[in-house]
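First the structure, in the form of C-alpha cells, and then the observations on it.
Quick note: the coordinates plus some simple rules give every number you see, no bench work behind them. Predicted model, so just to flag it, every value in this text is computed and none were measured. Note that we place each Cβ from the backbone using ideal geometry, even for glycine, and neighbour counts take in every protein chain shown.
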Amino acid sequence: MTSSFILILLAIFVYGLIHSILASLKVKALSRRWFGPASERAYRVVYNLFAALSFLPVLALAGILPDQLIYRIPSPWTLLSLALQVMAVLMLGMGLLQTDLWYFLGVRQLLQPGASEPNELVISGLYRRVRHPLYTAGLLFIWLAPQMTLNLLALNLGLTVYILVGAMLEERKLLRQFGGAYTEYQKRTPMLIPRLGRVE
C-alpha cells in the first residue's frame with residue numbers, strides 16, 4: 001500500500017469517527033444543554049451541512065495525492081457503467097422520497113417547531129426488496145465507477161466500511177424504535193443486497 005492509500009483511509013476513519021460522535025445522543029443532549037431546546041430544530045440541518053463540507057477535504061486528498069490507474073472500463077461498457085450509476089442515484093432519490101426527504105435533510109425540523117421523527121416503519125416500494133436502499137445505492141454508485149485508481153480504491157474501501165458500520169448502527173436504532181415489527185421485517189427482507197424477482 002502506498003502512503004497516499006493509507007492517508008486516504010486514515011482521513012475517512014477520522015471523518016467517520018467525527019460524524020458518528022456528532023450523531024450520538026450524548027452530543028445532541030450536550031447541544032441542547034449549551035444552546036437550549038431551540039438547538040434541536042437546527043441540529044440535523046447543521047449536522048448534514050457539516051458532514052457534506054467536512055467530506056470535501058477527503059475528496060480533495062484523493063484528487064491531489066499521487067495516484068496510479070488500476071483499470072479503465074473500455075467503451076462501450078463505460079456507458080453501461082455510467083447508466084448503472086445513474087440508476088443508483090435514482091434509487092437513492094426514490095428511497096429518500098419514501099422516508100420523508102425534508103426530515104432527512106433537517107428542513108422540516110427547522111421550519112416546523114415540534115416536528116417529530118417519522119414513526120412509521122416503511123416497508124413498501126424499494127423497502128420491500130432491501131432494508132437499506134440508500135446504503136445499497138451508495139455502494140453501487142462508488143463501485144460502478146468506470147475508472148479505478150489506487151486513491152479511488154482507498155476511498156471506496158473506506159466508504160464501504162463506513163456504510164456497513166452505519167447500516168449496523170441503523171439496525172440497532174430501528175430495533176429499539178419498532179421492536180418485533182422490525183425483527184419480522186429483518187427475517188423477510190435482505191439488508192443490502194436487493195431481493196430480485198417477485199416479492200410477496
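For the chain, modelled as a GNM with alpha-carbon contacts under 10 angstrom, which of G36, G16, G158 fluctuates the most?
With Cα springs under 10 Å in the chain, the top fluctuation among G36, G16, G158 is at G36.
Per residue of the stretch 39-53, in order, report the coupling 6.51 cos²θ - 1.76 cosθ + 1.60 (Karplus, θ = phi - 60°) as ³J(HN,Hα) in whole Hz, putting x for Gly and Pro.
Along the stretch 39-53, the couplings run 5, 4, 5, 9, 4, 5, 5, 5, 4, 5, 5, 5, 4, 5, 5 Hz.
Determine, for H132, H19, the number of other Cβ atoms within 10 Å of each Cβ, and report the residues in order from fewest to most. Before the final figure, lay out the partial values.
Details: H132 24, H19 16.
Fewest-to-most Cβ neighbours within 10 Å comes out as H19, H132.
What are the ³J(HN,Hα) values, in whole Hz, obtained from phi via the Karplus relation 6.51 cos²θ - 1.76 cosθ + 1.60 with θ = phi - 60°, for each residue of the stretch 55-68 in sequence order, with x given for Gly and Pro?
So the Karplus estimates, Gly and Pro as x, are 7, 4, x, 5, 5, 4, 4, 5, x, 9, 6, x, 9, 8 Hz.
Using each residue's phi in the stretch 136-142, evaluate 6.51 cos²θ - 1.76 cosθ + 1.60 at θ = phi - 60° and report the 3J(HN,Hα) Karplus result to the nearest Hz, with x for Gly and Pro.
Listing the rounded values in order: 4, 4, x, 5, 4, 4, 6 Hz.
Starting with the fewest neighbours, write out R108, R131, R72 ranked by other beta-carbon atoms found within 10 Å of each beta-carbon. Walk me through the numbers before you get to the answer.
Working: R108 19, R131 23, R72 12.
Ascending number of Cβ neighbours within 10 Å: R72, R108, R131.
Dividing the alpha-carbon Rg of the chain by 2.2 N^0.38 Å yields what?
Numbers: Rg = 18.8 Å, N = 200, 2.2 N^0.38 = 16.5 Å.
Cα Rg divided by the expected 2.2 N^0.38 Å: 1.14.
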